[in-house]
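Participant: Here you go, one structure.
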Amino acid sequence: MKKFLIISILALSFAGCLNKGSKSTELPPNILIVSADDLAYNSVGAFGCEVRDISPNIDKLATEGMRFTNAHVNTPVCQPCRQSWLTGRFPHTNGAEGFEPIDEDVPTLPEQLKKLGYLNGIMGKEIHHQPKERFFWDFIPFITDLDSTWRKGNSRNPSLFYDYSLKFFEMAKEQGKPFFLSANSHDPHRPFIGSRQDTLTWGDNMPPVTRQYAPDEIDVLGYLPDIEDVRKEVAQYYGNVYRADQNVGGVLQALKESGLEDNTVVFFLSDHGAAFPFSKAQCYLNSTKTPLIVKWPDKINPGTKDLKNFVMTIDLMPTIMEIVGLPLVPDLDGESFLPLLYNEKQGDREYAYTSFYQIFARTRYPMRCVQNENFGYIYNFWSDHKQEIRGDATGGLTWKAMNKAAETDPEIAKRVELYKYRVPEEFYNFKNDPDGLINLAGDPAYADELDKFRIKMLTTMKKYNDPAYQTYRDRNEPEVINDFMKAQRAKAKNTKPVERF
């Protein structure tokens, strides 16, 4: 505690000097968050992917920092997830459960760093931080320097990531300020390289294709059936994964060349799993687990792994605030994991609590999950066999191929039916069945364990002031779920539009 107090005093003293125009070189650490969009945790070599040469830059970063093998995003869809990790709050407490702005009074990480004199920059996924006035960006090159970036695919261009990162780092050096940069590869989000959608989306503005994989060069993701069109589309996805790694490499190369690497804390992660059924916008292990790597020269031993502790992305903001010496803002849901970076013990790290609310098309599929190193328990409030799931994961070849195969393959038919409508309770041995293929909720052998997780779900929902707490508590009473879902659908219709800035 004394260590944090001393850091806080020094950092605040620095802020005062900076405001007076001091030329002091005693800067607090720079903060760099590098992210990939829709990247499955196990599509990275350092996290177990066996596809040849898929992620050399991310793998190198892993050898230089600490890998967290039990890191989870708190909600598995892009805008709510990213707004959560820069507010340290779940969507239901920052006001942005769907694709909408956070509440006006919610503090953000860039705001707090700005108070300390940081230069704030963002590249890619800019529109997913709303309202823009609450995020205090000084540098938004893909929006200010280039036209129609969201459609032209500039945030899928490794050379632009390198060029603009280097420009930003030089700006920070010239101004004598520490920096915070959020560099976000749009890859491996759809459209996938080589797909029909890829051509239709970009036309003459096609992003560079840095590599393509053939269907026989990859392993199909374990939660999907290994059939021809699924394998074809997963191979296309891996082309995007490779380009995402090149984007990451561009940022890290620019950091090295800037001379600021030694005083920069680097965080790498994905915002959720891949855009396939049973992954993105769900609450499975493959939905929320993220390949978190933290590099901090002279502070973190290179090549270390945290194999035990569960951390969540709502923990990023308090962790970064403690690193730079800022006092924590009130009402955070997350907790700093700074002690773990120092290889110290920290309590209450045995579980992750994750949630899902709404897709971009303003449809609600409320789900909650609590999991530990062995089991995961999911409750699907929306499962009533009247509402069929939709979303980004049902676009492209895979979902069409699964539905076609279901006509003649009973096992695939069961998977399709489960994905479409779900069941209220799902319980998996994620340690032995990470792809969630065997639902144990109805197995008498696991009844006692399931009851423990039901209790844990209830206490955790209460801890985080989840608005679905009472509904889950009273889930067996007539009409409780129906009334809850009616309210959810009405809320979705009133979602505020996203500003395209």
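Participant: Filter segment 404-421 down to the residues that are closer than 21 Å to VAL234 by Cβ and surrounded by 15 or more Cβ atoms within 10 Å (Cβ to Cβ) and list them by number. It would help to see each step written out before you state the result.
Facilitator: So the first thing to find is which residues in segment 404-421 are closer than 21 Å to VAL234 by Cβ, and the list is 404-406, 409, 411-416, 418-420.
Passing the criteria: ALA405, ALA406, ASP409, ILE412, ALA413, ARG415, VAL416, LEU418, TYR419, LYS420.
Participant: Within segment 431-447, identify whether any single residue is β-branched (Val, Ile, Thr) and farther than 26 Å from THR69 by Cβ, and answer yes or no.
Facilitator: Among the residues of segment 431-447, not one is β-branched (Val, Ile, Thr) and farther than 26 Å from THR69 by Cβ, which makes the answer no.
Participant: So, one more: Could you list all residues from segment 165-193 that are under 13 Å from PHE142 (Cβ atoms) and touching a residue at least 60 places away in the same chain (Cβ under 8 Å)?
Facilitator: Narrowing segment 165-193 to residues under 13 Å from PHE142 (Cβ atoms): 165, 167-168, 181-186.
Listed by number, the residues that qualify are SER165, LEU181, SER182, ALA183, ASN184, SER185, HIS186.
Participant: Looking at ALA361, ALA352, which is the one that is modelled with pLDDT under 95, of a type in the set (Gly, Ala, Ser) and within 20 Å of the chain's Cα centre (by Cα)?
Facilitator: On the way: ALA352 fails: modelled with pLDDT under 95.
ALA361 is the lone residue from the list that is modelled with pLDDT under 95, of a type in the set (Gly, Ala, Ser) and within 20 Å of the chain's Cα centre (by Cα).
Participant: In segment 306-342, how many are of a type in the set (D, E, K, R), in contact (Cβ under 8 Å) with a residue 24 or more places away in the chain and in a loop (DSSP other than H, G, I, E, B)? Give the derivation first.
Facilitator: Keep residues of segment 306-342 that are of a type in the set (D, E, K, R), which gives 306, 308, 315, 322, 331, 333, 335.
Add one more test, that the residue is in contact (Cβ under 8 Å) with a residue 24 or more places away in the chain, and what stays is 306, 308, 315, 322, 331, 333.
Pick out the ones that are also in a loop (DSSP other than H, G, I, E, B) and you get 308, 331, 333.
Result for segment 306-342: 3.
Conditions tested, residue by residue: (1) in contact (Cβ under 8 Å) with a residue 40 or more places away in the chain; (2) buried (at least 16 other Cβ atoms within 10 Å of the Cβ).
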| site | (1), (2) |
| --- | --- |
| LYS431 | yes, no |
| ASP443 | no, no |
| ALA447 | no, no |
| THR460 | yes, yes |
| ASP466 | yes, yes |
| THR471 | yes, yes |
| GLU477 | no, no |
| LYS486 | no, no |
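Participant: For residues that are touching a Pro at 6+ places or on another chain (Cβ under 9 Å), part of a loop (DSSP other than H, G, I, E, B) and hydrophobic (A, V, I, L, M, F, W, C), scanning just segment 39-74, find the one that is nearest to PRO434 (Cα to Cα).
Facilitator: In this case the residue turns out to be ALA40.
Yes or no, residue by residue, for (1) buried (at least 23 other Cβ atoms within 10 Å of the Cβ); (2) of a type outside the set (Asp, Glu); (3) farther than 18 Å from CYS81 by Cα:
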site: GLU257; (1), (2), (3): no, no, yes
site: GLY273; (1), (2), (3): yes, yes, no
site: SER279; (1), (2), (3): yes, yes, no
site: GLN282; (1), (2), (3): yes, yes, no
site: LEU285; (1), (2), (3): yes, yes, no
site: VAL294; (1), (2), (3): yes, yes, yes
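Participant: Here is a further query. Here are the criteria: (1) more than 17 Å from THR69 (Cα to Cα); (2) part of a loop (DSSP other than H, G, I, E, B); (3) of a type in the set (A, V, I, L, M, F, W, C). Tell me which single one VAL265 does not satisfy.
Facilitator: (2)
Participant: Oh, and also: I'm checking my understanding of the structure. Among residues of segment 161-181 that are in contact with a Pro (Cβ under 8 Å, 6 or more places away or on another chain) and outside any loop (DSSP other than H, G, I, E, B), which one is farthest from SER55 (Cα to Cα)?
Facilitator: Let us first name the residues in segment 161-181 that are in contact with a Pro (Cβ under 8 Å, 6 or more places away or on another chain), namely 164, 167-168, 172, 178, 180.
Pick out the ones that are also outside any loop (DSSP other than H, G, I, E, B) and you get 164, 167-168, 172, 180.
Numbers: TYR164: 22, LYS167: 25, PHE168: 25, ALA172: 29, PHE180: 24 Å.
Only one residue fits best here, namely ALA172.
Participant: Being assigned to a loop (DSSP other than H, G, I, E, B) and of a type outside the set (Phe, Trp, Tyr) is the filter here; which residues of segment 99-122 pass it? Before you say what the answer is, go through the steps one by one.
Facilitator: The first filter runs over segment 99-122 and keeps only residues assigned to a loop (DSSP other than H, G, I, E, B), leaving 99-108, 116-118.
Result: GLU100, PRO101, ILE102, ASP103, GLU104, ASP105, VAL106, PRO107, THR108, LEU116, GLY117.
Participant: Next up: Output yes when any residue across segment 248-265 is within 13 Å of the chain's Cα centre (by Cα), of a type outside the set (Asp, Glu) and more than 19 Å from PHE90 (Cβ to Cβ), and no when none is.
Facilitator: Step one: list which residues in segment 248-265 are within 13 Å of the chain's Cα centre (by Cα), which gives none.
Within segment 248-265 (the criterion being within 13 Å of the chain's Cα centre (by Cα), of a type outside the set (Asp, Glu) and more than 19 Å from PHE90 (Cβ to Cβ)), the answer is no, since none of the residues qualifies.
Participant: Further, regarding this structure: Looking at (1) within 26 Å of GLU174 (Cα to Cα); (2) crowded, with 20+ Cβ neighbours inside 10 Å; (3) of a type in the set (Val, Ile, Thr), find the lone condition where THR144 falls short.
Facilitator: (2)
The values are calculated or read from the model by the stated rules, or taken from the named source; none is laboratory data. Here the structure is a predicted model, which means the values were calculated and not measured. Reconstructed Cβ throughout: ideal geometry from the backbone, glycine too, with neighbour counts over all protein chains shown.
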